[in-house]
1. State whether one or more residues within region B:125-133 are out of contact with any helix residue (DSSP H, G or I) (no Cβ under 8 Å at 6 or more places or on another chain), open to solvent by 10 Å² or more (accessible area, probe 1.4 Å) and under 29 Å from A:Leu51 (Cβ atoms).
2. Quick check on my filter: what residues within region B:108-121 are open to solvent by 10 Å² or more (accessible area, probe 1.4 Å) and part of a helix (DSSP H, G or I)?
3. Exactly one condition in (1) touching a strand residue (DSSP E or B) at 6+ places or on another chain (Cβ under 9 Å); (2) free of Cβ contacts under 8 Å to residues at least 40 places away in the same chain; (3) open to solvent by less than 20 Å² (accessible area, probe 1.4 Å) is not met by A:Thr64; state its number.
4. Considering only region B:81-98, state which residues are at the interface with chain A (Cβ under 9 Å from one of its Cβ atoms), closer than 30 Å to B:Gly69 by Cβ and more than 18 Å from the chain's Cα centre (by Cα).
5. Closer than 20 Å to A:Asn177 by Cα, hydroxyl-bearing (Ser, Thr, Tyr) and either touching a residue at least 24 places away in the same chain (Cβ under 8 Å) or in a helix (DSSP H, G or I) (or both) - does that describe any residue in region A:83-104?
6. For B:Asn160, which of the numbered conditions (1) open to solvent by 10 Å² or more (accessible area, probe 1.4 Å); (2) within 16 Å of the chain's Cα centre (by Cα) fails to hold?
Number of protein chains: 2
Amino acid sequence: MSNPQHHHEKPVLYSYFRSSCAWRVRTVLNWKGIDYEIKSVNLVKEEQKTLEYSKLNPLKEVPTLIIDGLVLTQSLAIIEYLEETRPEKAVLPKEPGKRALVRSLVLAIASDTQPVTNLRILNYLGDDRKEEWTKYWMSYIFEGIEKQLKEVAGDYCVGNEVTLADICLVPQVFNANRFKVDLTPFPIIQRISDKLLELEAFKKAHPFRQIDCPSELNSKNNT
Amino acid sequence: MSNPQHHHEKPVLYSYFRSSCAWRVRTVLNWKGIDYEIKSVNLVKEEQKTLEYSKLNPLKEVPTLIIDGLVLTQSLAIIEYLEETRPEKAVLPKEPGKRALVRSLVLAIASDTQPVTNLRILNYLGDDRKEEWTKYWMSYIFEGIEKQLKEVAGDYCVGNEVTLADICLVPQVFNANRFKVDLTPFPIIQRISDKLLELEAFKKAHPFRQIDCPSELNSKNNT
């Protein structure tokens, strides 16, 4: 990997306000109190496909994080790196069984849901199927997650501590609302997401608080 | 999570011979020399949707691993657990920057490709689009991965040690071949996958070596 920055420089996050993957990393950076600079990559304008950006991120995705002289891609890989190098304000529990439980919820969202319903997939799928497809898959996974949460949730997804599962949940709920997925069958998911949005690290990471959020959205409230 | 087994019992892996997610876990168990028993869940016969199985795995997916008195789901969460509790024969490098690199390749496959092209997605997509969809998305991601590998590959995906990236790559290449994706633009991917299949842990995990592999496939060679 290239080495475009020195270690003492402020981390740079290539982000798009509405990208749920970038949102996860924003939340973790805020949660851990890591100061960072945002560079916006407009996915709708396909700025992720420029030669310059694709050199940083060969899969042409956001986020990319420049930190410690490294170019890091894939939100979960970035977050595990931050957890390993900045363990304060942990987003994973200490005990391996609990870590596995948190990661299983994380992957239900980050592997089974988001990649199946993201912008590039929906564009390729075609306009006529976007809505039905999104509703079907988001509901399918939320049904499984809600069942798991019935057994393990406290104030947050796993007990009473904020974990990476919560950090992934909030953007997924936002997207579900955006696509008008009926969330009434998933009261635990809704309750936890609402509670998380009261926390400063989550508020600050919200799309409507981003520098690249269009002003007409900015003026709406955080739902 | 329920506690159906005692710690001293042999781990049980709920697997399907052709599931690439189960395959990843089989490879890691073999690699680390962990003895285990397989219980087959036939995805084509929809055995993953039975009430009994969905209690173990609310998302109705394979694999599920019963180990140390825990019920673990999601292949990557299971593998991270095995890595944390059985660190010998590591599948992740020690250094955080390298771990992030390996995990970014892992997620390109396990998040960006497999969930978008798995059995349930293709069934829902419809027969008329299965082939074009699979070819498009597998090629799209392989293009990005091949570019990354140009910079970081040695004998294997990241240098000369087997990592989790390799363990995820082999099933993805198998699936690409199954769907007749043209792999000639991806010589590094092909070369590494071929080399990995010479290793005993990878051979033993291959679908055609599984107890639930139909005999007509069993008799074919490992390609």
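1. Yes, some residue in region B:125-133 is out of contact with any helix residue (DSSP H, G or I) (no Cβ under 8 Å at 6 or more places or on another chain), open to solvent by 10 Å² or more (accessible area, probe 1.4 Å) and under 29 Å from A:Leu51 (Cβ atoms).
2. B:Gln114, B:Leu119, B:Arg120
3. Against the list (1) touching a strand residue (DSSP E or B) at 6+ places or on another chain (Cβ under 9 Å); (2) free of Cβ contacts under 8 Å to residues at least 40 places away in the same chain; (3) open to solvent by less than 20 Å² (accessible area, probe 1.4 Å), A:Thr64 comes up short only on (2).
4. B:Glu84, B:Thr85
5. Within region A:83-104, not a single residue is closer than 20 Å to A:Asn177 by Cα, hydroxyl-bearing (Ser, Thr, Tyr) and either touching a residue at least 24 places away in the same chain (Cβ under 8 Å) or in a helix (DSSP H, G or I) (or both).
6. The number of the failed condition is (2).
The values are calculated or read from the model by the stated rules, or taken from the named source; none is laboratory data. Note that this is a predicted model, so its numbers are computed, not measured. Heads up, the Cβs are rebuilt from the backbone with ideal geometry, glycines too, and the neighbour counts pull from every protein chain shown. Just so you know, the surface numbers come from the protein's heavy atoms only, side chains and all, with ligands and any DNA or RNA stripped out. Shrake-Rupley method; radii C 1.70, N 1.55, O 1.52, S 1.80 Å.
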